[in-house]
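Visitor: Could you have a look at this structure, given as structure tokens, before my questions?
The values are calculated or read from the model by the stated rules, or taken from the named source; none is laboratory data. If you're wondering where the values come from, they're calculated on a predicted model, not measured in any experiment. Backbone-built Cβ (ideal geometry, glycine too); neighbour counts: all protein chains shown.
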């Protein structure tokens, strides 16, 4: 960690590079912005475990300020449907290769189509709990969090995805509900106390 190189924002401008030892002399505050090589965006000093240890900061949690809009969510969902359809198609193709019966082949294809929503539910449940993002959300640089911007619990993720059924049954009003609140929460986000946030901009 001592050799890590940091860029520090001083009076609104990037400065550095600094090593971890150099940062002791920079009068860093918990909300000072820093970035290391490989990071897409700056983070506050208290978000770095090594800096908290060095300067005896406590990790602070502030509510997210940047929320994913309807366009990013829909693009992410379209990508996820494409991913799921592709995965199901591969599985069905492998099954069909071992079937010589046309009726069984049609039943297999039909069953796959009927099972897609269930597969999507468990796909979202797994990805959003373990990675906070599906493949589509990851490509859009958005993720699911709790109201404090932290990783949601399994219960919150489960309620969120179960709530999508209600959002759909209300003629998709549950999805358009995000236009009615500042945090751009859908109805299922409200039910689960979750947010979908995007990366902070400098």
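Visitor: Of all residues in region 67-98 being in a loop (DSSP other than H, G, I, E, B) and modelled with pLDDT of 90 or more, which is nearest to the chain's Cα centre (by Cα)?
Guide: 68
Visitor: Only one residue in 31, 41 is at pLDDT below 85 and either under 25 Å from residue 142 (Cα atoms) or within 27 Å of the chain's Cα centre (by Cα) (or both), so which one is that?
Guide: Only one candidate qualifies: 31.
Visitor: Then there is this: Within region 43-82, can you find the residues that are free of Cβ contacts under 8 Å to residues at least 24 places away in the same chain, buried (at least 19 other Cβ atoms within 10 Å of the Cβ) and under 25 Å from residue 117 (Cβ atoms)?
Guide: none
Visitor: Got a sec? Which of 138, 174, 163 is out of contact with any helix residue (DSSP H, G or I) (no Cβ under 6 Å at 6 or more places or on another chain) and in a helix (DSSP H, G or I)?
Guide: Unique residue meeting the criteria: 138.
Visitor: Modelled with pLDDT under 95, touching a helix residue (DSSP H, G or I) at 6+ places or on another chain (Cβ under 8 Å) and either assigned by TED's automatic domain parsing to the domain that holds residue 84 or outside any helix (DSSP H, G or I) (or both): is that true of residue 202 in this structure?
Guide: no
A quick yes/no check of all residues on (1) closer than 23 Å to residue 199 by Cα; (2) touching a strand residue (DSSP E or B) at 6+ places or on another chain (Cβ under 8 Å):
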site	(1), (2)
13	yes, no
18	no, yes
27	no, no
32	yes, yes
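Visitor: Tell me whether region 118-131 contains one or more residues that are exposed (fewer than 14 other Cβ atoms within 10 Å of the Cβ), touching a helix residue (DSSP H, G or I) at 6+ places or on another chain (Cβ under 7 Å) and within 30 Å of residue 44 (Cβ to Cβ).
Guide: no
Visitor: Restricting attention to region 185-196, report how many residues are within 22 Å of residue 138 (Cβ to Cβ) and either part of a helix (DSSP H, G or I) or at pLDDT below 95 (or both).
Guide: Within region 185-196, residues that are within 22 Å of residue 138 (Cβ to Cβ) and either part of a helix (DSSP H, G or I) or at pLDDT below 95 (or both) number 3.
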